[in-house]
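Quick notes on the structure that follows.
The values are calculated or read from the model by the stated rules, or taken from the named source; none is laboratory data. On a predicted model such as this, the values are computed, not experimentally measured, just so you know. With ideal geometry, Cβ positions are generated from the backbone for all residues, glycine too; neighbour counts draw on all protein chains shown.
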Amino acid sequence: MIFFKTGPMTNKRITKIAKVLVDYSTNVQEGERVVITAPPVAQPLVLEIYKLCLQKGAHPVIRTPLPGAAYIFYKYAKENQLTRFPKIAMYEMKNTDAYIAIRAPLNTNEFAGVEPGKIAVRSKVLSPVSKWRLQKTKWVAFDYPTTAYAQNAGMSLHDYQDFAFNAINLNWGRLKARLQRIADAVNNAEKVSVVGPGTDLKFTVKSTRCVLGDGTNNMPGGEVFTAPDKYSVNGHITFNYPAIYRSNEVRGVQLKFKKGKVVEEDASSGLDFLRAMLDLDSGSRYVGEWGIGCNYNIKQFTKNTLFDEKIGGTVHFALGHGYKECNAKIRSALHWDLVKDLRRNGEIYLDGKLFQKNGRFRR
């Protein structure tokens, strides 16, 4: 499969996206060690990234996980294999300056039949590697358009390619300035209320910091995010989009919070998986992140969190692990973003003052 194989923009689009990832997102410099990880289907973009890194004088390597290998691992791995720490992966991560992850699944439901407990066990084992990447490297993740993503979104591959490119084809300097103004408003507030259909949630952000999701990590960017004070979340929320995690889909998620913790949960489908993830560890029933989607070039839900959490006019809450840069206190092997659309009858209040209504900012 060739990325954006139809239309006159093929090579220009590949080059532009590669430049955004190398020059803007990770800002690769001469002498840096760069790991590029991507499945074979993303070859055109990977080779362009590889070339740009070499031209900058960096030292790139390509890691190519084979489609289906992870499923085979979860299907056949015994307990001692699931719990074995990947020393080689940890060594490489500790010797990596920039990490560019291109995700391009051929089947987004690959893990749907995998026992959730196996995924939970492996997530705990891998968490030190992930933590090092998040905190010690310049990293970015990008989802390369595939037929699987297009099918999930209910779109043709051609239309999905256009959708993905439009989400990135922005003036990132201008968007960054806009995000900074939104983050400043959140940082100057103490109390937050999110109100909407089936939702009345209150929390404080006194001890945490709102930062920009400006595309320097996840691409596309277009969000601001912080963390609620650990024990401050109270009320209830209904998520009007499916919650997707490791190829599992949970619909109609309803959560009730008391003193920061999920005390009641329900779903119209996938409830067993939801409960398995909530019971993963001591931090998985707490909210590690609250974010506001601000990329108004992304207008529709596509069952791809990397894009969905950026939809202009949405908010998302992550169950589990919170980010150090937000001064979040939640530690967990879980980080599961659940997205709520506020564009119809949704409101955000900061210190009792209306901040956003129906997905549009009021100040």
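Among the residues making up the range 82-120, those that are surrounded by fewer than 17 Cβ atoms within 10 Å (Cβ to Cβ) and of a type in the set (S, T, N, Q) are T83, N95, N107, N109. Of the residues screened, K303 is one that is part of a loop (DSSP other than H, G, I, E, B) and either more than 22 Å from T137 (Cβ to Cβ) or among the hydrophobic types (A, V, I, L, M, F, W, C) (or both). Of the helices (runs of 4 or more DSSP H) lying entirely inside the range 13-131, those containing at least 3 residues that are in contact (Cβ under 8 Å) with a residue 12 or more places away in the chain, in contact with a strand residue (DSSP E or B) (Cβ under 9 Å, 6 or more places away or on another chain) and of a type outside the set (F, W, Y) span 43-55. Scanning the range 50-81 for residues that are closer than 15 Å to P40 by Cα, among the hydrophobic types (A, V, I, L, M, F, W, C) and surrounded by 14 or more Cβ atoms within 10 Å (Cβ to Cβ) gives I62, A70. In this structure, L134 does not qualify as part of a strand (DSSP E or B), closer than 30 Å to K256 by Cβ and either out of contact with any helix residue (DSSP H, G or I) (no Cβ under 7 Å at 6 or more places or on another chain) or in contact (Cβ under 8 Å) with a residue 40 or more places away in the chain (or both). Against the condition modelled with pLDDT of 95 or more, in the same structural domain as R133 (by TED's automatic domain parsing) and closer than 24 Å to Y144 by Cα, how does K87 come out, does it pass? Against the criterion (modelled with pLDDT of 95 or more, in the same structural domain as R133 (by TED's automatic domain parsing) and closer than 24 Å to Y144 by Cα), K87 does not qualify.
Among the residues of the range 313-363, the ones that are part of a loop (DSSP other than H, G, I, E, B) and either within 15 Å of the chain's Cα centre (by Cα) or closer than 25 Å to V263 by Cβ (or both) come to 13 in all.
Quick grid of which residues meet (1) outside the structural domain of E190 (by TED's automatic domain parsing); (2) at pLDDT 95 or above; (3) over 14 Å from V205 (Cα atoms):
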| site | (1), (2), (3) |
| --- | --- |
| R331 | no, no, yes |
| L334 | no, no, yes |
| D351 | no, yes, no |
| F355 | no, yes, yes |
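For the range 14-21, the criterion of a residue being assigned by TED's automatic domain parsing to the domain that holds V140 and either farther than 29 Å from K176 by Cβ or over 24 Å from the mean Cα position of the chain (by Cα) (or both) is satisfied by no position.
Residue-wise test of (1) in contact with a strand residue (DSSP E or B) (Cβ under 6 Å, 6 or more places away or on another chain); (2) in a strand (DSSP E or B); (3) more than 15 Å from L334 (Cβ to Cβ); (4) free of Cβ contacts under 8 Å to residues at least 12 places away in the same chain.
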residue	(1), (2), (3), (4)
S232	yes, no, yes, no
H236	yes, yes, yes, no
N240	yes, no, yes, no
I244	no, yes, no, no
V250	yes, yes, no, no
L255	yes, yes, no, no
V262	yes, yes, no, no
E265	yes, yes, no, no
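Take the range 246-259 and flag every residue that is farther than 22 Å from N107 by Cα and surrounded by fewer than 20 Cβ atoms within 10 Å (Cβ to Cβ). Of everything in the range 246-259, those that are farther than 22 Å from N107 by Cα and surrounded by fewer than 20 Cβ atoms within 10 Å (Cβ to Cβ) turn out to be G252, Q254, K256, K258, K259.
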